[in-house]
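The values are calculated or read from the model by the stated rules, or taken from the named source; none is laboratory data. Because the structure is a prediction, the values reported are computed rather than measured. As a convention, Cβ positions derive from the backbone with ideal geometry for all residues, glycine included, and neighbour counts pool all protein chains shown.
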Amino acid sequence: MADTSNFRNGFTMKLDGDLWSIVEFQHVKPGKGGAFVRTRLKSISSGNVIDRTFRSGDKVEDVRIEKREMQFLYSEGETFHLMDSETFEQIGVERSLIGEAADLLQENEKTFVLVAEERTIGVELPNFVEIKVKHTEPGVKGDTATGAVKPATLETGAIVSVPLFVNQGDTLKIDTRTNSYVERV
């Protein structure tokens with residue numbers, strides 16, 4: 001059991017038979033009455049977001065989240081197949097658990113699967129991946145003051161905005177948290 005002093009962004013708890021993650025929280029100490037904590041909680045299973053207030057010192061059931069290293073093998077429709085690096089056990093996870101970063105997954109890429117109570121609750125990619133540009137229009141000199149960008153299609157099918165100097169065949173470093181260009185490798 002944990003109390004409100006343990007709350008932080010990303011803290012996972014069990015409420016009303018469901019797993020909830022704290023998106024944001026605020027400790028409030030009014031001049032009159034007891035302190036309390038306002039939270040915005042996101043349901044792990046459905047993705048619903050609710051606001052909930054806890055009195056200071058309230059106890060909640062915390063959930064231990066295990067991070068397992070796995071390797072991405074292939075995708076089949078909306079299902080992504082991953083293999084445990086140690087036991088070679090294969091699992092299938094839905095695209096929704098990976099999020100927008102699913103378009104950046106390459107075969108044999110290392111990922112981290114988040115497991116709570118023997119249930120897969122999410123997939124994290126490395127912060128940065130290196131992917132080749134499959135197609136992009138040639139950049140046009142002139143007509144720009146600063147920071148001009150163009151769309152580029154990567155080998156994985158993802159489309160990102162890149163500077164004009166990036167050409168087809170270049171390898172790019174992409175931030176998986178924001179799906180954005182970082183630098184040319």
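Assorted remarks:
- Matching entry among Ser161, Ser85 (being polar (S, T, N, Q), touching an Asp or Glu at 6+ places or on another chain (Cβ under 9 Å) and not assigned by TED's automatic domain parsing to the domain that holds Ser21): Ser85
- Summed over the range 157-185, the residues that are of a type in the set (Lys, Arg) and not in a strand (DSSP E or B) give a count of 1.
- Filtered by the rule that a residue be closer than 18 Å to Phe25 by Cβ and modelled with pLDDT of 90 or more, the range 59-104 gives Lys59, Val60, Glu61.
- When Gly10, Gly17 are checked against the criterion of being exposed (fewer than 11 other Cβ atoms within 10 Å of the Cβ) and within 18 Å of the chain's Cα centre (by Cα), Gly10 stands alone in meeting it.
- Selected residue (criterion: farthest from Arg119 (Cα to Cα)) from residues of the range 26-58 that are surrounded by 11 or more Cβ atoms within 10 Å (Cβ to Cβ) and basic (Lys, Arg): Arg55
- Restricting Gly31, Gly47 to residues that are outside any strand (DSSP E or B), of a type outside the set (A, V, I, L, M, F, W, C) and farther than 19 Å from Gly10 by Cα narrows the list to Gly31.
- Looking across the range 1-25, the residues that are assigned to a strand (DSSP E or B) and over 17 Å from Ala116 (Cβ atoms) come down to Asp3, Glu24, Phe25.
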